[in-house]
Amino acid sequence: MNTDLMETNAERLPVDEHNIPESFEVRFIPQSDWKLKELLAFYLGGVGTGLYVISQFMNFTAGLVIGFILVVFGKNLAHLVSASRPTNAFRAFARPGTSWISRGVYFIIAFTIFGALDIASRAGWIEWGGTLGNLLSVLAFVSALLVMIYLGFLMAGARIIPLWHSPLIPAIFLSYSLAFGGALAAILYPISGIEYSIASITKLLLLTIASTLFLILVHLMVMKYSNKAAKRSAELLIRGNLRKIFVGGVLIVGLVIPLIITGLSQVAHSPTGAGTVIAGVLMLIGGFLFESSFLKAAIYTPLIDVE
Amino acid sequence: MVIDLKRCIGCNTCTLACKIQNGTPPGIFYRKVMEKASGKYPAVRRTYLPIQCMHCEDPPCVAACPSGVFSKREDGIVLIDSDKCYGARACRMACPYNAITFLEEIKSYFPDGITATEEIWYSNHRAGTAGKCNFCADRLDEGLDPACVQACPTDAMTFGDLNDPHSDVSTLIKSRAGSQLHSELGTNPSVYYVR
């Protein structure tokens with residue numbers, strides 16, 4: 001056998017990840033399918049629907065429009081860009097009976113229609129009359145809530161990823177979306193120059209931060225007492241490679257500091273616009289890092305016991 | 001299918017047979033033999049676990065896929081039509097067996113680009129789509145066993161009709177207490193393991 005020739009051929013083979021077979025060793029593997037583009041889609045959807053819902057209650061038309069744009073253009077565009085074959089994306093309508101992605105598509109369409117009509121009604125572009133206008137607002141509100149929550153159900157359906165497979169995940173996404181909405185409203189109000197109640201925004205931020213923080217901590221506690229992959233995910237977030245992002249960025253910067261800022265101003269009965277803006281910015285940053293770290297820490301349950 | 005883990009020596013002949021049969025590009029394995037080392041020297045043990053699509057009775061991939069890429073034949077084989085896939089990858093998150101692959105892009109095994117032979121091999125694959133084992137449905141229709149079963153040098157796999165109580169697979173499962181992976185999930189996989 002010509003060993004020289006073999007060596008020459010071996011040297012010529014390119015060494016890159018595609019040509020080296022994947023390891024077949026049983027180990028903890030994090031999901032690698034949903035990355036930055038999906039993260040952007042999820043985040044923009046959460047921020048947009050949150051802002052829309054909060055703006056409905058505060059009658060903040062600019063917030064309604066911006067929230068609508070973030071969902072209808074931002075989220076959908078990010079989803080289209082993340083699809084490896086966007087020309088086939090129309091097929092996502094096919095399975096609303098079983099697939100949360102399909103359901104999500106229908107929820108987004110409902111939000112697009114009812115949200116547009118609601119904005120037109122509130123802005124006075126179309127006169128619907130009281131009852132129909134109210135009905136449109138309710139339908140827009142419900143469809144926005146469904147857009148907020150379907151992602152949680154989609155992730156909770158991944159039975160092989162214990163970090164996601166929890167009934168708390170839809171609640172966390174709902175709570176975070178409302179927190180996002182309050183945070184962005186807190187930033188947009190001073191920019192818009194519209195008079196608003198700083199006390200109401202502060203209360204809203206306080207409530208949504210507290211509920212989000214509580215849900216995340218409970219979820220992490222549950223993970224600590226779950227299977228090995230769940231524990232591994234929790235360790236990755238709390239003590240592992242993601243600790244700076246999760247503990248520092250998500251918990252401290254994104255939730256605890258805003259909680260202190262809004263809590264203190266609430267206790268002192270002296271909420272300030274600057275305080276709510278700072279809290280809002282930190283919450284938006286922390287929320288993005290939360291979704292990023294939850295995608296990165298999602299470890300598959302190995303097929304057989306690893307250790 | 002019944003896989004006898006006592007007979008499996010982890011040679012990956014089935015992995016290669018599958019790659020040749022399906023002409024899969026680099027990095028794509030519809031079948032693979034997972035390995036696990038356990039114990040401490042000198043009492044060290046190596047365990048092998050061949051993995052592929054389990055063709056579940058209640059397949060989570062079918063439910064999770066938004067675009068109807070998956071379908072089930074009457075004989076229970078779960079098929080995939082990659083032409084309908086748009087790359088949501090929900091199937092990969094839903095499959096408890098890590099059995100669904102995703103082809104990001106078609107690359108060559110060789111440094112000078114895709115060869116003429118590879119062009120033929122890869123003609124059935126679409127970049128940006130999911131793929132998986134189909135139990136060599138074409139071979140089954142011709143009365144042949146799946147390529148992995150035929151290639152196994154230790155005869156570790158037996159293929160047959162699970163619904164026939166007298167078939168070799170049913171007998172093996174009964175006599176040697178065959179078990180399914182993640183049976184607690186209620187997917188009822190069609191691949192059993194015996195020890």
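Looking only at the range B:183-194, decide whether some residue is touching a residue at least 40 places away in the same chain (Cβ under 8 Å), over 27 Å from B:ALA64 (Cβ atoms) and in contact with an Asp or Glu (Cβ under 8 Å, 6 or more places away or on another chain). Yes.
Here A:SER84 clears all of (1) within 14 Å of chain B (Cβ to nearest Cβ); (2) assigned to a helix (DSSP H, G or I) except the condition numbered (2).
Results for (1) crowded, with 17+ Cβ neighbours inside 10 Å; (2) in a helix (DSSP H, G or I); (3) acidic (Asp, Glu); (4) under 16 Å from the mean Cα position of the chain (by Cα), shown as yes or no for each residue.
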site: A:ALA144; (1), (2), (3), (4): yes, yes, no, yes
site: A:TYR150; (1), (2), (3), (4): yes, yes, no, yes
site: A:ARG159; (1), (2), (3), (4): yes, no, no, no
site: A:SER166; (1), (2), (3), (4): yes, no, no, yes
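Residues in the range A:35-76 that are part of a loop (DSSP other than H, G, I, E, B) and surrounded by fewer than 22 Cβ atoms within 10 Å (Cβ to Cβ) were compared, and the one that is nearest to the other protein chains (Cβ to nearest Cβ) is A:LYS35.
Do the conditions hold for A:PHE214, that is, is it modelled with pLDDT of 95 or more, out of contact with any strand residue (DSSP E or B) (no Cβ under 9 Å at 6 or more places or on another chain), surrounded by 15 or more Cβ atoms within 10 Å (Cβ to Cβ) and part of a helix (DSSP H, G or I)? Answer is no for this residue.
Of A:PHE153, A:PHE107, A:PHE93, A:PHE114, all but one fail to be without any contact (Cβ under 8 Å) to a residue 40 or more places away in the chain, touching a helix residue (DSSP H, G or I) at 6+ places or on another chain (Cβ under 7 Å), within 14 Å of another protein chain (Cβ to nearest Cβ) and of a type in the set (Phe, Trp, Tyr); the exception is A:PHE93.
So in the range B:41-74, with the set limited to residues that are of a type in the set (Val, Ile, Thr) and facing another protein chain (nearest Cβ under 10 Å), which one is nearest to the chain's Cα centre (by Cα)? Across the range B:41-74, the extreme among qualifying residues is B:ILE51.
Would you check if there is a residue in the range B:22-38 being more than 7 Å from chain A (Cβ to nearest Cβ), closer than 23 Å to B:ILE120 by Cα and in a helix (DSSP H, G or I)? Scanning the range B:22-38 turns up at least one residue that is more than 7 Å from chain A (Cβ to nearest Cβ), closer than 23 Å to B:ILE120 by Cα and in a helix (DSSP H, G or I). Conditions: (1) touching a residue at least 40 places away in the same chain (Cβ under 8 Å); (2) out of contact with any Asp or Glu (no Cβ under 7 Å at 6 or more places or on another chain). A:SER82 meets all but one. Number of the miss? Among (1) touching a residue at least 40 places away in the same chain (Cβ under 8 Å); (2) out of contact with any Asp or Glu (no Cβ under 7 Å at 6 or more places or on another chain), A:SER82 violates only (2).
Counting only residues that are out of contact with any helix residue (DSSP H, G or I) (no Cβ under 8 Å at 6 or more places or on another chain) and charged (D, E, K, R), which one in the range B:153-195 is nearest to the other protein chains (Cβ to nearest Cβ)? Restricting to residues being out of contact with any helix residue (DSSP H, G or I) (no Cβ under 8 Å at 6 or more places or on another chain) and charged (D, E, K, R), the top hit is B:GLU184.
Answer with yes or no whether A:LEU136 is at pLDDT below 95 and more than 23 Å from A:LYS75 (Cα to Cα). Judged against the criteria, A:LEU136 is not a match.
Scanning the range A:96-129 for residues that are modelled with pLDDT of 95 or more and not in a helix (DSSP H, G or I), we see that the one that is surrounded by the fewest Cβ atoms within 10 Å (Cβ to Cβ) is A:GLY97. Suppose the filter is of a type in the set (Val, Ile, Thr), within 7 Å of another protein chain (Cβ to nearest Cβ) and either closer than 26 Å to B:MET34 by Cα or buried (at least 18 other Cβ atoms within 10 Å of the Cβ) (or both); does B:THR129 pass it? When the stated conditions are applied, B:THR129 passes them.
Can A:ALA171 be described as aliphatic (A, V, I, L, M) and buried (at least 22 other Cβ atoms within 10 Å of the Cβ)? In short, no. You will find that of B:ILE100, B:ILE114, the residue that is closer than 20 Å to B:GLY23 by Cα, surrounded by 15 or more Cβ atoms within 10 Å (Cβ to Cβ) and without any contact (Cβ under 8 Å) to a residue 40 or more places away in the chain is B:ILE114 and no other. Hey, can you tell me all the residues within the range B:76-94 that are more than 7 Å from chain A (Cβ to nearest Cβ) and touching a residue at least 40 places away in the same chain (Cβ under 8 Å)? Scanning the range B:76-94 gives B:GLY76, B:ILE77, B:VAL78, B:LEU79, B:ILE80, B:SER82, B:ASP83.
The values are calculated or read from the model by the stated rules, or taken from the named source; none is laboratory data. Note that the structure is predicted; figures quoted are calculated from it, not measured. Backbone-built Cβ (ideal geometry, glycine too); neighbour counts: all protein chains shown.
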